[in-house]
Each structure stands twice: as C-alpha cells, then as structure tokens.
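Step one of this worksheet: look at the structure below.
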C-alpha cells in the first residue's frame, strides 16, 4: 500500500497524545497542591490506562486482520452483555432465552459480520435484521414458553434492550471493516476508518468532560448525570469537528465530511453515556463493574461506542460504500 | 493439572470475583460454610481458593447428585475430591459429621452447605445442625462464613446449561463455637454471618 505513512502517522499521533496524557496524569498525582480534586486525578489516570489498552488493541488490528478483530469485538460484546444482564432483574423463566442469546445470538451476529468482506460477500442484509427482528421475536416467545408471566413485558424488553445495545449496536464497529470504500477509484484502509472512529468517540468523551469542567453551567439532566452539560456537549461537538477535519487525511473523507461525521459521533457518544447512566441510576449502581472489585466495567468504557457505531456505520455506508459486483 | 484447568473454567463461566474480608487465604484447617444456591456452588467456592489451599480442601456434596453419570463421578472423585454424603440414608452410627471428622484428619479443610439443599431465590434457609457438631467435636477448626451471590442465576435449580452472568464469592472472618452457646444460638449466629457478607 502506498499510503502506509498515514497509518503510521495516525498511530504515532495517538501514542504521542497518550504519552502526554500519561505524563500529565503522573505529574498531577505527584503534586497534590495543584488544587485539583484527588479523586478526579485518579479517575483521569484510570481512564488513560483504559485508553492505552484500547489504542494498543486497535493498533494491533492492523496486524491481526479482520477475523481476529471481529472475534475480539465479539468477546467484548459478550462481556458487556454479561454485565448488563447481571444487573437486570431477570427470573428463572428467562434462563433458556438468555442461554440462546449468549451462546447463539451473540456469536452468530459476529460470525456474519466477520464473514462479510470488502469487495466480496456482504451479509449486511442478514446481520442488520437478525437481532432486531428475529431475536426480538424469539426472546418473548421463549420466555412465554417457560410459563412465567410475572412482569413479562418488562423482562422481555430489558433483555431485548441489552442484546440490542451490547451486541447489535457494538457489532457495527467491526462491521466498518467490511465496507468497500472507494475514493477516486482507490481502495481505502478500513482499519484506519475503525481507528479513526474509536479515536473520535474517545476524544469526544474527553472533550465533553473538559469543556464541562471549564465552562459547564447548564446541566442537561441533573438527576441522571450532574457533569453532562450543554456547554460540554456543544464545546465537544465543535472541537471534535475541528479535530476530525484536521485528521481527514487519515480517512476516506473530505475535510468537511470528516468534520460532520465527527460531530455526529460526538453527539451520539454523549447520548450513549447519558442513556447508560440513566439505566445505572435506576438500578442503583455507579458502574456496571460493581461486581468486579476495583475497576469499572467494560460497559462503562464502551457505552459511547455502542451508540455511535451504528450511526457512523450507516452514514458511511450510505454515502461511500460501493456494492461489490459478484459474478 | 485437571484441577487447575477446571478451576479456571469454573471461574470463567461463573464470572466470580472473589473477596476476602477480614480473612486471608490460609492452609490451616478450616470449615468454609456457605449459602447454597446452585449445583455450581461447591465447584466455584473450591475454585475461588488459591491453589495450595484448594489442594487441601474437600467440598462436602450430595451423593445422589454427584454420583449420577460418569462426568460428575469423575469430577467429584478424581478432580475436586468431594466428600459425598448420602442424604437419603443417614445412619446413627455413621453420621455425616463423624464421617467428615474422620476424613479431614489433621490437615484437610471442608466446604459445607449447612442449609442442606438449595434455597429458593435470595433467601438463606435455616442451618442444619452439622456445623454445630463439627464446631463442638473439633473446636480447633476455623469456621469461615462464605457468601455466594448470583450463582443461582448462572445455573438455577432444574437447569443443566449455565448462563454466564457475573457472580461474587465473599469470604468473611472465622467464627468459633462459644463456651456455653446453645445449638440454636450458634446456628442463627452462623447464618447471620453469611447473610451479613452480602451487604459488605
């Protein structure tokens, strides 16, 4: 490939950014007199650690290829669903439905995504409806079969929501690798597209927090999340759009397109964080990882990715995807 | 070897996070007593122990369940070396407590479920008297309360396939039978010790 330098530049840039963040975090930790809240610094350092993990995993995708990347996302999905259902009050009658979801629905979704190849077979028609239509119907059927009608609709709906968010929505992130994107007739690296997407979601999260801390005044929903403000959202969308435009050389997009998509990603990621906070509030926990001592859960880290992925995928697919002509 | 692999699998399926509260893993002789929620209980509590402790610890389990089928018999006798108790035929001269005391000798520990059978969702049933007699006949044993959370959802009663939710195993500070403490008082205290661990 003639544009390897773009990949190296993108990864190198992110490593530089993370190195800077790590250093800033360590300096803040060693100087308790900066007037910053110690808990906030600890949270920041934990976040930076999670980002290092994410960045190294995503950088590895360039090497390990599509199949391994899809499997990895499948495992993350499985774990997130595990956390979601653990904190959802299910009953004995849901057991068999859950078994199918965990061991058939989830793997099947990722198998279909993994079998879709750019410029070759594309199972989009199947994986885009399997969970929202067929598993949507299957869940209440299987629960009804087991004969327990107590809180029936509530139980079915909660399981459906869990599968859609943790499995269906997340699977659109690795599905980016199956797009057949052409810019001026040239094939573009899908790995860089995935990297760009996750990078923008994470940057959106960080920017939202930063803007909220600096000038946040109007809280959107105090009962759900006291640090999600209008200023944070709009500031993050604006600055993410600028950064996205500046990074357009790494993507298949023009600068203005990259800006628009970054704006969209940030807004959806923000919304995802809010929805998941609302669910956690209702269940009376702070983090999905409460059962796992010492660190917050996988779902806390990927909530914004889950919400942004399908939107980013669909817009990109609708505007830039070239359907393969199979003989 | 098989034990290590099995323990890893059990921990993976049950997603168990292990907590030790005011208690540390030790190879001294102990009786771990836990609430009983699922057939996985014995296996998962056993798997939660560090390897050196695990090698010295025998779960006490129901003969009628663990002797059924070749896989279960293999696991219970060869891998985690369970002490199988016949729940249907309890003889006067061969009481389960005497059997346990004989089997553990001077170095082994036990995992017991004093409720006797699995309790319905969330509740911890009355404790049977075995724990009291164990404490009375062997006052040197440390009685360690263990709380098992959420395993009943991983493998509920009457199901044979697990759903991999997350669970939590909590070990609490050991207790002993106090001087002059009546059977009922002791059993209630022991039960409360297990129940209290859920809130911590």
When (1) touching a residue at least 12 places away in the same chain (Cβ under 8 Å); (2) farther than 15 Å from residue A:100 by Cα; (3) assigned to a helix (DSSP H, G or I) are applied to residue A:154, the one that fails is (1)
Whichever residue in segment A:227-256 is out of contact with any strand residue (DSSP E or B) (no Cβ under 6 Å at 6 or more places or on another chain), free of Cβ contacts under 8 Å to residues at least 40 places away in the same chain and more than 16 Å from residue A:201 (Cα to Cα) and, among such residues, is surrounded by the most Cβ atoms within 10 Å (Cβ to Cβ) = A:231
Among the helices (runs of 4 or more DSSP H) contained in segment A:1-115, which hold 2 or more residues that are over 21 Å from residue A:305 (Cα atoms) and either within 14 Å of another protein chain (Cβ to nearest Cβ) or modelled with pLDDT of 85 or more (or both)?
-> A:4-30, A:95-100
Just checking, which of B:76, B:48 is in contact with a helix residue (DSSP H, G or I) (Cβ under 8 Å, 6 or more places away or on another chain), over 22 Å from residue B:132 (Cα atoms), crowded, with 21+ Cβ neighbours inside 10 Å and free of Cβ contacts under 8 Å to residues at least 24 places away in the same chain?
-> B:76
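Yes/no per residue for (1) closer than 19 Å to residue B:191 by Cα; (2) touching a strand residue (DSSP E or B) at 6+ places or on another chain (Cβ under 6 Å):
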residue: B:44; (1), (2): no, yes
residue: B:50; (1), (2): no, no
residue: B:64; (1), (2): no, no
residue: B:94; (1), (2): no, no
residue: B:114; (1), (2): yes, yes
residue: B:127; (1), (2): yes, no
residue: B:141; (1), (2): yes, yes
Please verify whether segment A:109-131 includes one or more residues that are within 25 Å of residue A:150 (Cα to Cα) and within 17 Å of the chain's Cα centre (by Cα).
-> no
Count - residues of segment B:129-179 that are more than 14 Å from chain A (Cβ to nearest Cβ) and free of Cβ contacts under 8 Å to residues at least 24 places away in the same chain = 2
Would you check if residue A:143 is in contact (Cβ under 8 Å) with a residue 24 or more places away in the chain, farther than 29 Å from residue A:7 by Cα and away from chain B (no Cβ under 13 Å)?
-> yes
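The values are calculated or read from the model by the stated rules, or taken from the named source; none is laboratory data. Being a predicted model, the structure only gives us computed values, none of them experimental. So basically every Cβ, Gly included, is an ideal-geometry build from the backbone, and we count neighbours across all protein chains shown.
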